[in-house]
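Student: Can you keep this structure in mind? I'll have questions shortly.
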Amino acid sequence: MARVVSVNVGAPQTIRWEGRDIRSGIRKTPRPGRVALRGVNLVGDDQADRTVHGGSRKSVYVYPSEHYPYWTAELSGSRLEWGSFGENLTTEGWLERDAHIGDLVRIGSAEFEVTQPRRPCFKLNATFARADMIERFHRSGRSGFYLGARRDGEVGAGDPIELLSRPAGAVSIFEALKPSQPEARE
């Protein structure tokens with residue numbers, strides 16, 4: 001059964017990258033206990049540029065914990081904490097092949113819709129201090145995905161991820177990535 005491993009939130013911070021200061025909410029840290037979803041954000045979480053981040057279609061970013069061993073090896077043994085990829089929910093048992101666009105899910109007492117794969121901006125490069133991080137991320141096929149908030153509630157580590165409904169013919173996140181991700185893996 002798919003479940004939440006960690007709930008991660010963060011406020012916008014300044015990151016120094018390539019000689020300039022960048023405001024970003026990509027840096028997330030685990031939050032113990034229950035975290036409320038109110039409107040389109042988890043309490044304690046925010047985005048620096050709401051024209052391209054957050055909102056009703058990108059309320060919560062999900063990243064599978066199964067991808068962390070790959071990145072630890074890919075990044076030469078870097079120590080990666082939950083939330084390192086800017087995800088709000090680090091999950092177990094819910095990969096890009098399992099999540100379909102339009103799926104309605106309940107996590108804790110909150111409800112969400114799976115909306116789209118993540119296609120990161122340059123801030124992923126900045127947070128990892130690597131000019132090639134976006135390229136590596138795309139090539140890996142390990143995108144994670146966004147959820148749109150459907151009903152306020154609370155989420156916490158250990159919560160099961162319950163599929164409420166799936167539209168007929170729904171495309172998985174993995175399938176949605178395939179055209180731009182020829183090397184995508186499970």
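Student: Could you check how many residues of the stretch 48-70 are free of Cβ contacts under 8 Å to residues at least 60 places away in the same chain and either of a type in the set (A, V, I, L, M, F, W, C) or in contact with a strand residue (DSSP E or B) (Cβ under 6 Å, 6 or more places away or on another chain) (or both)?
Tutor: 1
Student: Then there's this: For the condition buried (at least 23 other Cβ atoms within 10 Å of the Cβ) and closer than 28 Å to Asp159 by Cα, what is the one hit in Glu111, Glu96, Glu92?
Tutor: Glu96
Student: Restricting to the stretch 157-175, count the residues that are aliphatic (A, V, I, L, M) and part of a helix (DSSP H, G or I).
Tutor: 1
Student: I want to confirm something. Restricting to the stretch 48-64 and keeping residues that are assigned to a loop (DSSP other than H, G, I, E, B) and among the aliphatic types (A, V, I, L, M), which single residue is surrounded by the most Cβ atoms within 10 Å (Cβ to Cβ)?
Tutor: Ala48
Student: Quick check on the stretch 13-36: of everything there that is touching a Gly at 6+ places or on another chain (Cβ under 8 Å) and assigned to a strand (DSSP E or B), which residue is farthest from Asp152 (Cα to Cα)?
Tutor: The qualifying residue farthest from Asp152 (Cα to Cα) is Gln13.
Student: Residue by residue through the stretch 19-47, note down the ones that are surrounded by fewer than 18 Cβ atoms within 10 Å (Cβ to Cβ) and small (Gly, Ala, Ser).
Tutor: If the condition is that a residue be surrounded by fewer than 18 Cβ atoms within 10 Å (Cβ to Cβ) and small (Gly, Ala, Ser), then Gly19, Gly33, Ala36, Gly39, Gly44 are the ones that fit.
Student: For the stretch 143-159, which positions are closer than 15 Å to Ser65 by Cβ and not aromatic (Phe, Trp, Tyr)?
Tutor: Selection gives Ser143, Gly144, Ala157, Gly158, Asp159.
Student: Further question on the same structure: May I ask you to say which residue of Gly44, Gly108, Gly102 is closer than 12 Å to Gly148 by Cβ, at pLDDT 95 or above and in contact with a strand residue (DSSP E or B) (Cβ under 9 Å, 6 or more places away or on another chain)?
Tutor: Unique residue meeting the criteria: Gly102.
Student: Could you check how many residues of the stretch 131-179 are touching a Lys or Arg at 6+ places or on another chain (Cβ under 8 Å) and exposed (fewer than 15 other Cβ atoms within 10 Å of the Cβ)?
Tutor: 5
Student: Continuing with this model, one more query. Please go through the stretch 1-10 and pick out each residue that is in a loop (DSSP other than H, G, I, E, B) and modelled with pLDDT of 95 or more.
Tutor: Those that are in a loop (DSSP other than H, G, I, E, B) and modelled with pLDDT of 95 or more: Ala2, Gly10.
Student: A further question follows. Considering only the stretch 119-130, I want to know if a residue exists there that is of a type in the set (Val, Ile, Thr), over 18 Å from Ser6 (Cβ atoms) and surrounded by fewer than 22 Cβ atoms within 10 Å (Cβ to Cβ).
Tutor: No, there is no match, as no residue in the stretch 119-130 is of a type in the set (Val, Ile, Thr), over 18 Å from Ser6 (Cβ atoms) and surrounded by fewer than 22 Cβ atoms within 10 Å (Cβ to Cβ).
The values are calculated or read from the model by the stated rules, or taken from the named source; none is laboratory data. None of these values were measured; they are calculated from a predicted model. Virtual Cβ from ideal backbone geometry, glycine too; neighbours counted across all protein chains shown.
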